[in-house]
Amino acid sequence: MSANGPSVVRGMSSAKLDALVEIMFLAASADGDFSEVERAHFFHSVEALTDGRLAGEALRALLQQAKLDLEASGRTARLRAVKERLPEPGARKVALSLAVEVSAADGIIRTSERDLILETADILEIDRGVAADLVAQLSRP
């Protein structure tokens with residue numbers, strides 16, 4: 001996780017951390033494939049980001065709830081729910097940055113992932129240019 005390390009989330013409430021994890025899950029599952037390898041990377045990334053505050057069974061339960069919520073409500077509704085839990089623009093930008101990082105983790109941003117990034121930016125009220133800059137920064141070798 002590039003600029004999004006434990007210091008970024010230090011002091012965040014559980015609801016805000018949960019919202020960041022949900023954004024990461026939405027990004028990880030945007031292409032319809034959340035393989036075991038991706039899942040392992042996802043768990044490691046969340047544990048590192050939260051400095052162990054979210055790990056093990058608690059993280060698995062949160063991920064399962066995010067999956068059920070996505071299936072019940074759809075992506076747009078889940079993004080709006082995340083927005084409600086992240087009222088500050090800075091926290092929303094962190095969420096978008098995490099979504100971009102997860103989407104770019106395999107080295108390729110697929111069309112479905114790009115669509116998620118743009119939809120996330122729109123719903124979180126972040127300029128699409130900022131989203132494009134984040135993608136460009138993470139695409140650099």
Ordered by packing density, taken as the mean number of other Cβ atoms within 10 Å over each peptide's residues, highest first, how do 83-90, 100-107, 127-134 rank?
-> 100-107, 127-134, 83-90
Computed [θ] at 222 nm, deg cm²/dmol, the chain (DSSP H ≥ 4; -39,500 (n - 2.57); rounded to nearest 500) = -23000 deg cm²/dmol
Give the residue from F34, G129, I108 lying farthest towards the positive end of the charge dipole for the chain; charges sit on Cβ (+1 for Lys and Arg, -1 for Asp and Glu) and the dipole is referred to the Cα centre.
-> G129
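If you wrap a convex hull around the alpha carbons of the chain, what volume per residue comes out, as a whole number of Å³?
Roughly 98 Å³ of hull volume per residue.
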For V94, the net charge from surrounding residues (Cβ-Cβ under 10 Å; K, R +1; D, E -1) works out to +2
What whole number of Å gives the distance from the Cα centroid of the stretch 22-42 to the Cα centroid of the stretch 63-98?
-> 14
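Among T120, T50, T111, what is the fewest-to-most ranking by other Cβ atoms within 10 Å?
T111, T50, T120
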How large is the charge dipole for the chain, taken about the Cα centre, if only the Cβ atoms of Lys, Arg (+1) and Asp, Glu (-1) carry charge, to the nearest 20 debye?
-> 300
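Here, each number is a calculation from the coordinates, and none is a lab measurement. Since the structure is predicted, the reported quantities are computational estimates derived from the model, not experimental observations. For neighbour counting, all protein chains shown are included, and Cβ atoms are generated from backbone atoms with ideal geometry for every residue, glycine included.
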